[in-house]
Amino acid sequence: MIELKRLTKQYGKSGMLTTALSELDLSIEKGEIFGVIGHSGAGKSTLIRCINLLERPTSGEVWVNGVNLTALNNKRLQGERRKIGMIFQHFNLLSSATVFDNIAFPLRLIKTSKAKIERKVNELLALVGLEAHRNKYPSQLSGGQKQRVGIARALASDPEVLLCDEATSALDPQTTESILKLLLDINKRFNLTIVLITHEMHVIQSICDRVAVIHQGGIVEQGPVAEVFLKPKHEVTKEFVRNETDSEEALKLATYAPYIGSFRAAKITFLGSKTYESTLSQTVRETGVAFAILQGTISTIKDTPYGQLIVRFEGKMPAIDLTIQRLQEQGLDVEVMG
Ligand SMILES: Nc1ncnc2c1ncn2[C@@H]1O[C@H](COP(=O)(O)OP(=O)(O)O)[C@@H](O)[C@H]1O
Ligand SMILES: [Mg+2]
């Protein structure tokens, strides 16, 4: 659906060059919600603006839906761009136009008939839940409502792709959730491909199918969200997902708390409906070791429950090792920490 090939973008003139993207390759499937996460200055905005050629790459190719956008003349590019909607962190609405007129704007640009505009905008107002606000001006709206207008406007030309550049970064947590829910709903309803740029892992975790981590203008890691989130490999990814189950902290805790005999601390990761509890209690009953849960997080990635527990097994070392081996044999992801 979207293919970026050896994409390089440099700003400035020779002698003062900033390389924002460097030979970057990326492939995004139709209908997926693809997240790109990175720190400030990593190249996220440049990347997303290169997809619709708001920013022209210095070299490399951008393919959307089988069309090489980088090879098109301006007129054909205009046409292809209509199939790519975009929303922004600061909404970019016309302050002197009403909600209705903001949404109608792209339709007027392509000389859509009045009747058709009326019908389409009403549809979009209903979709984003702003029917009651059609005649208001942006200054009369909350941040969340402004972004809903942004989304409706982006959808006016029935795009196949929606690009979101930090679309929830200016919103409070609750509003962020409601906007993310709306994006997910739109993705499902229209099989719309969504590319979402953010510096917040929870945004990725809540709606993305796959994620790429961008660092210094290159992708350093990518994969299904659950995989990247639960087993981060690159240092930058680890920074983003570092959460309550910090291994070092947990290990300290494991050593401080009183225990009998010897112990091992282990991290148990589970994903999906697999119940770790019964497997765990059944296994320790058989091997005769005791265990204590020192820390646990249980959350969801998109619709999938997952969790990480820090467990301390106590007893005789051979029995502990046997316990861990048996848990692994039963498909539990157990990582020994010390
Ligand atoms: N218009 C520009 N002119 C010069 N340098 C730019 C411009 N836009 C971005 N950059 C530089 O390119 C790099 C990547 O920026 P950007 O894509 O905005 O990153 P992000 O969105 O991840 O914060 C940064 O070093 C930034 O300073
Ligand atoms: Mg940016």
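Using unit Cβ charges (K, R positive; D, E negative) and no other charged atoms, how large, in debye to the nearest 20, is the dipole of segment 36-157 about its Cα centre?
Here segment 36-157 has a charge dipole of around 340 debye.
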Per 10 Å bin, what percent of the C-alpha pairs of segment 199-238 does each bin hold, from zero upward? 31, 62, 7
Give me the percent of DSSP beta bridges within segment 42-193 that run antiparallel, rounded to the nearest 5. 25 percent
Whole-number value, in Å³ per residue, for the convex hull of the alpha carbons of the chain is 169 Å³
Positive minus negative residues near residue 263 (Lys, Arg vs Asp, Glu; Cβ under 10 Å): +1
Quick one: of 83/116; 233/302; 30/233, which pairs are farther than 24 Å apart, Cα to Cα? 30/233
Using only the alpha-carbon atoms, how far is helix 276-287 inclined from the longest principal axis of the chain? Give it as 0 to 90 degrees, nearest 10. 20 degrees
Largest fluctuation, 314, 61, 166 only, Gaussian network model of the chain with Cα springs under 10 angstrom, belongs to 314
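Nearest 20 debye, what's the magnitude of the dipole of the chain about its Cα centre given +1 on Lys and Arg Cβ and -1 on Asp and Glu Cβ?
About 1500 debye.
At a 10 angstrom cut-off on C-beta neighbours, averaged per residue, how do the peptides 167-177, 151-161 rank from highest to lowest?
In descending order of packing, they fall as 151-161, 167-177.
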Antiparallel DSSP bridges in the chain: what percent, to the nearest 5? 70 percent
The chain, Gaussian network, Cα under 10 Å: of 120, 316, 267, the residue fluctuating most is 316
So, taking all protein chains as they sit and a 1.4 Å probe, how much accessible area belongs to residue 1, in Å² rounded to tens? 40 Å²
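The values are calculated or read from the model by the stated rules, or taken from the named source; none is laboratory data. Treat the numbers as computed from the prediction; the structure is a model and nothing was measured. FYI the Cβ positions are ideal-geometry reconstructions off the backbone, even for glycines, and counts take in every protein chain you see. Just so you know, the surface numbers come from the protein's heavy atoms only, side chains and all, with ligands and any DNA or RNA stripped out. Shrake-Rupley method; radii C 1.70, N 1.55, O 1.52, S 1.80 Å.
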